[in-house]
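Below is one structure, written out as structure tokens; comments come after it.
The values are calculated or read from the model by the stated rules, or taken from the named source; none is laboratory data. None of the values given here were measured: they were computed from a predicted structure. As a convention, Cβ positions derive from the backbone with ideal geometry for all residues, glycine included, and neighbour counts pool all protein chains shown. With ligands, DNA and RNA removed, areas are computed over all heavy atoms of the protein, side chains included. Shrake-Rupley method; radii C 1.70, N 1.55, O 1.52, S 1.80 Å.
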Amino acid sequence: MEHRLTTPLTKEAILKLKAGDILYLTGSVFTARDEAHRHILDALSHHRKLPFGLTGAVIYHCGPLLRKTENSWQVVSAGPTTSERMTQMTPALVENTGIRAIIGKGGMKGIAPLLKGRCVYLAYTGGCAVLAAEGISRVANIHWQNLGMAEAVWEFEVKDFGPLIVGIDSYGVDLYEKVLEKASEALKAIVMASDSK
Amino acid sequence: MPIISRDFFVKNIIELIIQSETILPEDTVIALENTWQKESNTVAKSQLSAILKNIEIAREKKHPLCQDTGIFIFNVTIGKNIVIDFDINDAICESLRYATETLPLRPNVVHPLTRENSLDNTGDGLPDITFNLTEGSDFEVFVYPKGAGSENMSRLAMFKPSQNEEIKRFVVETVFAAGGMPCPPIIVGVGIGGSFDIAARLSKKAALRPLDEMNDFEQELCDAVNTLGIGAMGLGGDTTALAVHVNTAHCHTASLPVAVNIQCWANRRAHKKFV
């Protein structure tokens, strides 16, 4: 099924999404990778207010490439980065900020139970950085720019950003896990064949 | 008499870097198109469509295909009759610094421990430049930008010489462990033999080979990898690997080193024949 949603995302909106569905997103997304996650977690643990609101927000695992023009930024390439690196830092983020969706690539092992009833994981095609840039209409804000271009938090205004595949829905269904279950059966068959030789 | 001026060389290397980042080689585009055509899984098909569209936009706009513009590997083939009156390493670094600023490329190169970014994609040991000396008058430069998503999924093992049955298992297990993380459909480079470091080199070389016919062993490995069903981006599908390439070298009678290097679908490479 195909969906079109606008941010901020409500709980009702994300409950409609099922693993394997296609989604196009309009509104704003916040890029965050390793360093930004560390900074958000640090602020949360010290009860410091974040410089940006995350209620109903969408986090994008992305270290973009931009070109600075006279008085603005041009997004050159902005594809997803490997989400797995953020897995350990994600529970604190989901539990304490009210984010409703995480966009990334490759999935995050074991987080499906954490997302239940409140958040979804959306897969953007890895490497499709110029296609992603086409879906970003402007840079609305930059936070923590001192972390460098890739690690800063970029607030992007997006229009029909996608196709995003619902990789993990809010009912505990994890498409990656299903694929890996099947793959592990295939692997077992190969291992058994090699052991019997 | 020197046959090529430094200025001419630098100008061409900058062009070559830009080409490698913006235009995917024809063999890879064809392989991806064929994969799209054959794919029976609709989610995988949507991922492959996005990839093909992305390749098209990058070429038209002259923008890097992927925001991970990689670290740089250069291979220089130089014949014994070629006379060069400048430092090739230095000229390549200058070209890379220039391309980093102008294309732009993402500054990806950091100190391994302090993580301090050099901001110009050069550093100790990077770019990786190797020279092949040949007879005659060849002068050719190959460039390969390599992203971290796929490189991070690579593995190496030192097997016992009696364990050659383990090779297939090791290759398939490596692809299984990588799942959707290295941006499949991938190309798998396998290096067998040599030593610890030679095997790693061989696997990288194998991953970067043109996508030509696979031999029987390579085809067997490729079929085994594709039974996993990981598919494009790990969301399930018929094709996990576009190809498996194996390069071998003789090794010590007591060793069996095996390295697996993974290359994402953005199989970027370009070369320029100066002479």
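For B:62-72, what's the mean count of beta carbons from other chains sitting within 10 Å of each residue's beta carbon?
6
Considering only B:4, B:83, B:263, whose Cα is most displaced toward the positive end of the charge dipole of the protein assembly as shown, charges sitting on Cβ of Lys, Arg (+1) and Asp, Glu (-1)?
B:263
For residue B:227, tell me the accessible area in Å² from a 1.4 Å probe, rounded to the nearest 10.
Number for this one is 80 Å².
Using modelled backbone amide H atoms (1.01 Å from N, in-plane), which distant-in-sequence or interchain residues come within less than 5 Å of residue A:66's amide H?
Excluding prolines and chain starts, which carry no amide H, the hits are A:76.
For chain B, set up a GNM with springs between Cα atoms under 10 Å and report which of B:102, B:114, B:134 has the largest fluctuation.
B:114
Considering only the other residues whose Cβ falls under 14 Å of the Cβ of residue B:136, what net charge follows from Lys and Arg at +1 and Asp and Glu at -1?
-1
Two decimals is fine: what is log10 I(q)/I(0) at q = 0.10 Å⁻¹ for chain B, from a Debye sum with one equal scatterer on every Cα and no solvent?
-0.55
Could you tell me what percent of the accessible area of region A:2-195 is made up of carbon and sulfur, with a 1.4 Å probe and every protein chain present?
50 percent
If you place +1 on the Cβ of every Lys and Arg, -1 on the Cβ of every Asp and Glu, and leave all else neutral, what size is the dipole of the protein assembly as shown about its Cα centre, to the nearest 20 Debye?
Once rounded to the nearest 20, the dipole reads 1080 debye.
How far is the Cα center of region B:208-275 from the Cα center of region A:15-38, in Å?
Cα centres, region B:208-275 to region A:15-38: 32 Å.
How high is the relative contact order of region A:2-195, in percent, counting Cα pairs under 8 Å that sit 6 or more residues apart?
29 percent
Anyone know which of B:253, B:130, B:77 comes out most mobile in the 10 Å Cα GNM of chain B?
Looking only at B:253, B:130, B:77, the largest GNM fluctuation is found for B:253.
To the nearest 500 deg cm²/dmol, what mean residue ellipticity at 222 nm is calculated for chain B from DSSP H runs of n ≥ 4 alone, each contributing -39,500 (n - 2.57), summed and divided by the residues?
-12000 deg cm²/dmol
Residue B:267: net charge of surrounding residues, Cβ under 12 Å, Lys/Arg +1, Asp/Glu -1, itself excluded?
Around residue B:267, the charge tally is +2.
At a 1.4 Å probe radius, which order do A:144, A:154, B:36 fall into by accessible area, largest first?
Order by accessible area, largest first: B:36, A:144, A:154.
Quickly estimate the mean residue ellipticity at 222 nm for chain A, helices only: each DSSP H run with n ≥ 4 gives -39500 (n - 2.57), and the total goes over all residues, rounded to 500.
After summing the helix terms and dividing by the residues of chain A, the value is -8000 deg cm²/dmol.
Tilt of helix B:26-38 relative to the longest C-alpha principal axis of chain B, in degrees (0 to 90, nearest 10)?
The angle comes out at about 20 degrees.
Order of B:189-199, A:1-11 by packing, highest average Cβ count within 10 Å first?
Those peptides, ordered most packed to least, come out B:189-199, A:1-11.
Peptide A:12-23: average number of partner chain Cβ atoms within 10 Å per residue?
What the average comes to for A:12-23 is 1.
Relative to the Cα centre, what is the charge dipole magnitude of region A:1-149, using +1 at the beta carbon of each Lys and Arg, -1 at the beta carbon of each Asp and Glu, and rounding to the nearest 20 debye?
Taking the Cα centre of region A:1-149 as origin, the dipole is about 200 debye.
What is the set of long-range amide H partners of residue A:150 at a cut-off below 5 Å, with H atoms built 1.01 Å from backbone N?
Close amide H contacts, sequence-distant or interchain: none at all.
Please give the helix A:175-195 orientation as an angle from the longest Cα principal axis of chain A, in degrees from 0 to 90, rounded to the nearest 10.
40 degrees
Out of all DSSP beta bridges with both ends in region A:2-195, state the antiparallel percent to the nearest 5.
Within region A:2-195, antiparallel bridges account for around 60 percent of the total.
Taking all pairs of distinct Cα atoms, average 1/r, flip it, and tell me the Kirkwood hydrodynamic radius of region B:33-135 in Å to one decimal place.
Result for region B:33-135, one decimal place: 16.8 Å.
Might you tell me the accessible area per residue for chain B, computed with a 1.4 Å probe and given in Å²?
43 Å²
Taking just the alpha-carbon atoms of region B:1-80, what radius of gyration and Dmax come out, in angstrom?
17.2, 60
For region A:4-65, with only Lys/Arg (+1) and Asp/Glu (-1) charged at the beta-carbon, what is the dipole magnitude about the Cα centre, in debye rounded to 20?
For this selection, approximately 160 debye.
Whole percent per 10 Å bin, from 0 to the bin with the longest distance: what is P(r) over all C-alpha pairs of region A:2-195?
9, 37, 34, 13, 5, 1, 0
Using DSSP, restrict attention to beta bridges with both residues in chain B and report what percent are antiparallel, rounded to the nearest 5.
So the antiparallel bridges in chain B amount to around 60 percent.
What number, in percent, do you get for the relative contact order of region B:20-142 if the mean sequence gap of Cα pairs under 8 Å and at least 6 apart is divided by its residue count?
31 percent
Tally the DSSP beta bridges in the protein assembly as shown and give the antiparallel ones as a percent, rounded to 5.
60 percent
What's the Cα-based Rg to Rh of region A:93-197, Rh via Kirkwood?
Result for region A:93-197 is an Rg/Rh of 1.11.
Could you work out the percent of alpha carbon pairs in the protein assembly as shown separated by over 44 Å, rounded to a whole number?
Tail of the P(r) past 44 Å holds 13 percent of the pairs.
Could you tell me the center-to-center distance, by alpha carbons, between region B:87-146 and region A:138-185 in angstrom?
Region B:87-146 and region A:138-185 have Cα centres spaced 31 Å from each other.
Ignoring ligands, DNA and RNA, what accessible area per residue does region A:2-195 give at 1.4 Å, in Å²?
Ligands and nucleic acids excluded, the result is 41 Å² per residue.
Along the charge dipole of chain A, which of A:71, A:57, A:1 sits closest to the positive end, that is, farthest toward it, with unit charges on the beta carbon of Lys, Arg, Asp and Glu (+1, +1, -1, -1)?
Value computed over the given set: A:57.
Given the convex hull over the Cα atoms of region B:118-182, what projected area results after averaging over all orientations, in nm²?
It is 8.1 nm².
In degrees from 0 to 90, rounded to the nearest 10, what is the angle of the helix B:166-178 Cα long axis to the longest principal axis of chain B?
Roughly 80 degrees between the two axes.
Please list, short to long, the whole-number percent of alpha-carbon pairs of region B:56-209 in consecutive 5 angstrom bins beginning at zero.
Spelled out per bin, shortest first, that is 2, 7, 14, 16, 17, 17, 13, 8, 4, 2, 0.
Residue-wise, which Karplus ³J(HN,Hα) couplings in Hz belong to region B:148-157, taking 6.51 cos²θ - 1.76 cosθ + 1.60, θ = phi - 60°, and x for glycine or proline?
7, x, 7, 4, 5, 8, 7, 9, 9, 9
Would you tally the net charge around residue A:15, using a Cβ to Cβ cut-off of less than 14 Å, leaving residue A:15 out, and scoring K and R as +1, D and E as -1?
Net charge around residue A:15: +3.
In percent, what relative contact order does chain B have, based on Cα pairs under 8 Å that are 6 or more apart in sequence?
26 percent
Return the single residue from B:263, B:19, B:67 with maximal mean-square fluctuation; model: Gaussian network over chain B, springs between Cα atoms under 10 Å.
The residue with the greatest mean-square fluctuation here is B:67.
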